[in-house]
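Heads up: the structure comes next, in structure tokens.
The values are calculated or read from the model by the stated rules, or taken from the named source; none is laboratory data. Remember, predicted model here, so these are calculated numbers, not experimental data. Cβ sites come from the backbone with ideal geometry, for glycine too, and all protein chains shown count toward neighbours. Surface areas here come from the heavy atoms of the whole protein model, side chains and all, with no ligands, DNA or RNA. Shrake-Rupley method; radii C 1.70, N 1.55, O 1.52, S 1.80 Å.
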Amino acid sequence: MKFRIGYRTLKTALGTAIAIIIAQYLGFGNYVSAGILTILCIQVTKKRSLQASWHRFLACIIAMAFSAVFFEGIAYHPIVIGLLLLFFIPTVVMFRAKEGVVSSSVIIMHIYSAEKVTGELLLNELGIITIGIGVALVMNLYMPSVDNKLEEYQRGIEAHFKKIFSEISLYLKNQDTSWDGRELTETARLIEKAKALAIQDVENHFLRDENLYYQYFKIREKQFEIIERVLPSITSIPKHVEQANIVAEFIESLSKGIHPGNTVLIYLEKLMRMKTEFENMELPKTREEFEARAALLHFVNEMEQFLLLKRSFKGLKTGKDKSEAAVTN
């Protein structure tokens, strides 16, 4: 088993040490708590880190106010801590800062241990909070680019789409059933992982609600749903008919067109011409031929929807081509 240290672990370790050093150097009491806050505030993405920091800062401020009221107003006694938490936790939840309950509880214990609320004590706690959270935010300013990984997922999904279409074409031509369908489960897995990574990338850019990669993977997901939906009808065609060869040629051509470049309209035009050709053919003579042609027509209509999903997509710049848009059909 490989021992691997991730960038988040490195940032947490370094940030914790820096926070403690700063707090200790500036002469704050309970300076170790600054490191605890840093650990809690370093998150997977910048957006989550900012949210966690705000929740903990707000919760700590509320904790200081509650501590002053309860301890000075009632007594410094363990029962009062329980009473304080009984009101404090619902208040923090009401302010949607429940992530800060644990970290703010440390502040409550500091004040309890001091047995007296003074301006100096409150400033000390505020200093610890500011240093701990501030260091975490600075450490999280750097997030490694995930573009290469997103492109890797993109290429993997496209390769699987090509393989699936190639196997469909082979089956339509000669009823080849040797394919094990492994690419279907692998494609589903890649799409889910790719979408999760694309969302993470969005959360690392504060001014971005959605990115092109996420749109792309969502479209691929919808296209994959179409593929999964039509496979049973294709593999259950009762008889080989002339139209199957025509559709097979189209699917084979389509598999070669899955690449970075916008060629959707070309394949839509081919598909329209193919449908027109089908309409002008002689009517089926047997029930089996009728069922086979009906299944093929259904498949062709689904492929039209498959292509239409991509037509409105703006495009996706890849590592090989940053000047042109788009991942296509």
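Worth pointing out:
- Condition met for GLU252 (in a helix (DSSP H, G or I), of a type in the set (D, E, K, R), within 30 Å of LYS195 (Cβ to Cβ) and open to solvent by less than 80 Å² (accessible area, probe 1.4 Å)): yes
- Conditions (1) modelled with pLDDT of 85 or more; (2) surrounded by 16 or more Cβ atoms within 10 Å (Cβ to Cβ); (3) of a type outside the set (Ser, Thr, Tyr); number of the one not met by PRO260: (1)
- Residue in region 234-241 that is modelled with pLDDT of 85 or more and hydrophobic (A, V, I, L, M, F, W, C) present: no
- Here ASN280 meets each of (1) open to solvent by 40 Å² or more (accessible area, probe 1.4 Å); (2) more than 19 Å from GLN175 (Cβ to Cβ); (3) at pLDDT 85 or above with one exception, condition (3).
- The residues of region 164-213 that are touching a Ser or Thr at 6+ places or on another chain (Cβ under 8 Å) and among the charged types (D, E, K, R) amount to a single one, GLU203.
- Among residues of region 167-208, those that are of a type in the set (D, E, K, R), open to solvent by 50 Å² or more (accessible area, probe 1.4 Å), at pLDDT below 85 and closer than 29 Å to PRO144 by Cα, counted: 1
The rows are residues; the columns are (1) part of a helix (DSSP H, G or I); (2) crowded, with 18+ Cβ neighbours inside 10 Å; (3) aromatic (Phe, Trp, Tyr).
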position	(1), (2), (3)
ARG8	yes, no, no
THR16	yes, yes, no
THR38	yes, yes, no
VAL44	no, no, no
SER67	yes, yes, no
PHE87	yes, no, yes
VAL93	yes, no, no
ILE107	yes, yes, no
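Residues checked against (1) part of a helix (DSSP H, G or I); (2) modelled with pLDDT under 80; (3) over 30 Å from GLU152 (Cβ atoms); (4) open to solvent by 10 Å² or more (accessible area, probe 1.4 Å):
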position: LEU268; (1), (2), (3), (4): yes, no, no, yes
position: LEU271; (1), (2), (3), (4): yes, no, yes, no
position: HIS298; (1), (2), (3), (4): yes, no, yes, yes
position: GLY319; (1), (2), (3), (4): no, yes, no, yes
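- Criterion applied to ALA59, ALA136 was being within 22 Å of ASN204 (Cα to Cα) and open to solvent by less than 20 Å² (accessible area, probe 1.4 Å), and the one residue passing it is ALA136.
- Taking every residue in region 34-56 that is farther than 22 Å from GLY127 by Cβ and touching a residue at least 12 places away in the same chain (Cβ under 8 Å) and pairing it with any residue that is among the aliphatic types (A, V, I, L, M) and assigned to a helix (DSSP H, G or I), at least 6 positions away or on another chain, the pairs with Cβ-Cβ distances below 6 Å are GLN43/ALA52.
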